Amino acid sequence: MGKAQMCNGDGAGVLSCPLTRIWADVLLLCSSDPHSLCYVETADIDGETNLKFHQALAATHNALSTEPSEEALAAFDGVVWCEEPNNRLYTFRGQLHWRGETLWLDNEHILLRGTVLRNTEAAYGVTIYTGRDGAPCYQRDFLRGQYVRIIVFLLLSALIMAVGSGVFQSGLSQRMEVLSALMVDGDPLFSAFLTFWSYIILLSPAMPMALYISFEVIHMVHSLFIGWDTEMRWEEKQCSARARNISLSEELGQVGHLLTDKTGTLTQNRLLFRQCCIAGHIYVFVVFFPQHLAFLLSHSQKLPLFNSSDISFIAFFSFAPQQPMDLSWNPFSCGRLFLSAPRLMERLRADQCPTSRQFFTALALCHTVVADHHKEALVYQATSPDEEALVGTARELGWVFLSRRRDNVTLSELGVTREYQLLALLHFTSKRRRMSVLVREPEGGLKLYCKGADIVILERLQSACPHLQSTEQALETFAQACLRTLCVAVRSVPEALWEEWSRTLAQAAAMATHQRDSLLEKLYEDMESELQLLGVTGIEDQLQNGVPETIFKLRKAGIKIWVLTGDKRETAVTIGYSCKLLDPNTALLEGWELR
């Protein structure tokens with residue numbers, strides 16, 4: 001860790017950012033929010049349009065948020081030590097030395113350059129990583145650069161010829177009668193001027209300006225055709241395709257390989273909570289994946305995990321009549337429930353299944369969703385559509401996430417408001433593939449709620465976990481039905497274990513960066529163990545309209561298509577058949593067969 005930036009004393013780097021774009025990395029000191037929360041949009045950095053929240057340190061919040069005047073901020077004399085500038089967007093390591101204390105900083109306390117403040121009246125911080133902005137470097141088209149060189153060469157050649165003509169006529173033409181007769185009005189300067197334009201005309205074939213303009217006009221017309229194509233129009237939003245590059249049609253003709261991901265490209269990225277398995281019981285949802293069923297029936301011989309009973313099971317779920325659920329008792333319901341399971345609702349309201357209640361408590365607590373009370377309506381802003389679907393379903397069934405403050409989360413559980421003290425939030429990463437939240441219940445007990453991929457949750461369960469076999473069968477069925485699955489688990493944490501764990505966590509925060517990361521990973525592993533399985537969620541991400549037909553035409557045109565997905569193997573195979581990326585003659589190879 002090096003002293004990459006120091007901000008102290010005279011208020012240098014202290015700024016106020018009311019609803020604006022942040023032009024330098026900022027250490028958040030406090031904000032206009034009562035708990036120094038700061039909501040930002042990072043679309044220009046990582047493409048995420050959903051709001052994310054950051055929070056100032058408790059020390060700076062308590063000292064500055066009561067009266068964040070310019071004098072108080074100018075008197076801030078903290079020193080920031082942090083790692084060297086890097087391209088890691090989601091991690092940050094640093095220290096704030098202030099008032100004799102060493103306060104450890106992480107990504108939660110930093111507002112990156114390029115983020116935009118939202119739903120926050122003002123934020124106050126210390127600028128770090130200011131650096132020096134160089135002139136922007138623009139990529140110049142190679143052909144246009146060649147044309148510029150040709151034009152400059154032409155002008156210089158004509159100028160040299162004109163100067164030579166003027167010197168010749170002024171020096172020699174006056175001595176020779178024949179040459180003096182060629183001068184225009186006897187003025188060598190005017191003759192040189194005419195000579196300049198004469199050479200411009202003579203050398204013009206060296207500058208194919210007409211050909212260049214013709215190509216540009218053709219490219220422009222072709223780009224207009226893209227916008228005029230009625231088959232590329234999005235009727236839902238009443239907007240047409242837009243070509244942002246006039247040479248797009250020419251570049252598309254050179255495509256030989258197509259590399260794409262699945263989520264948001266092949267799919268709509270509008271996730272729907274379709275069904276779940278709680279304590280070994282599968283609760284059926286409204287008709288789902290009808291666009292996949294025909295492919296499952298026609299390609300069942302190619303799917304090794306399918307059998308006739310599975311197909312009947314899926315067909316029954318797809319076409320069984322469903323009864324709409326009466327949610328008039330829930331004032332927070334907004335009609336976005338894709339579930340028809342009256343039996344589940346009866347168990348929840350009658351408190352007949354404590355596991356079901358814990359399941360939805362976990363969905364309402366274990367997330368990073370932001371609750372925004374807009375015009376007396378509760379609106380959720382999530383960093384991922386998965387979390388929005390999970391929290392939204394819990395809301396419809398009575399477990400409503402109301403607000404998040406510095407150290408607590410407020411829920412409404414079937415109309416009863418309960419406040420949970422937030423002790424620790426173990427964030428999701430691509431390496432961990434799970435996230436957890438450690439809370440103190442209103443009754444005083446400690447609970448760890450965890451959700452994540454089945455491959456990491458199942459290996460952390462306590463021995464002799466009940467309903468494990470039925471849950472694994474549900475996982476397999478959900479995956480074959482093209483549903484994205486998450487396991488939800490809970491652990492009761494003894495008070496002594498929490499005290500020891502929190503002390504070790506504080507010690508880890510005081511270590512060097514490389515030592516701290518490894519110790520934190522071990523601490524998280526120790527806490528996220530001996531879990532009790534609550535259930536599994538099944539979320540559907542529907543294919544966009546026309547995806548199978550488009551892929552079929554691209555393959556027919558000879559374009560090789562590669563699709564990357566993080567789904568389970570059986571889910572990926574089923575989606576491959578449904579979008580016509582795979583056909584009955586396709587050979588399915590495992591990873592070890594490609595070596």
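Read-outs: derived from the displayed coordinates by stated rules, not from any lab. In this text the structure is predicted, and so the values were computed from the model without any measurement. In this analysis, Cβ positions are derived from the backbone assuming ideal geometry, glycine residues included, and neighbour counts consider all displayed protein chains.
Values computed for the structure shown
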{"item": "Label-point gap, in nm, between F552 and I151 - each point 7 angstrom along Cα→Cβ", "result": "5.0"}
{"item": "Efficiency of FRET between S249 and T429 - r from beta-carbon atoms, R0 30 angstrom, step 0.05", "result": "0.15"}
{"item": "Efficiency of FRET from Cβ geometry, T417 and D351, R₀ 22 Å, rounded to 0.05", "result": "0.80"}
{"item": "Kirkwood estimate for the stretch 380-462, i.e. one over the average of 1/r between Cα atoms, Å", "result": "14.0"}
{"item": "Spin-label pair S170/D517, simplified geometry with 7 Å Cα→Cβ offset, distance in nm", "result": "7.2"}
{"item": "Largest-first principal axis extents of the Cα set of the stretch 476-595 (Å)", "result": "63, 34, 29"}
{"item": "Neighbour-limited loop hits for trypsin sites (Lys or Arg not before Pro), the stretch 194-277 (at most 10 other Cβ within 10 Å; DSSP other than H, G, I, E, B)", "result": "K237, R242, R244"}
{"item": "Entries of K52/K375; K375/K431; K447/K522; K262/K447 with Cα pairs more than 29 Å apart", "result": "K375/K431; K262/K447"}
{"item": "Calculated P(r) tail over 22 Å for the stretch 413-509, as whole % of Cα pairs", "result": "43"}
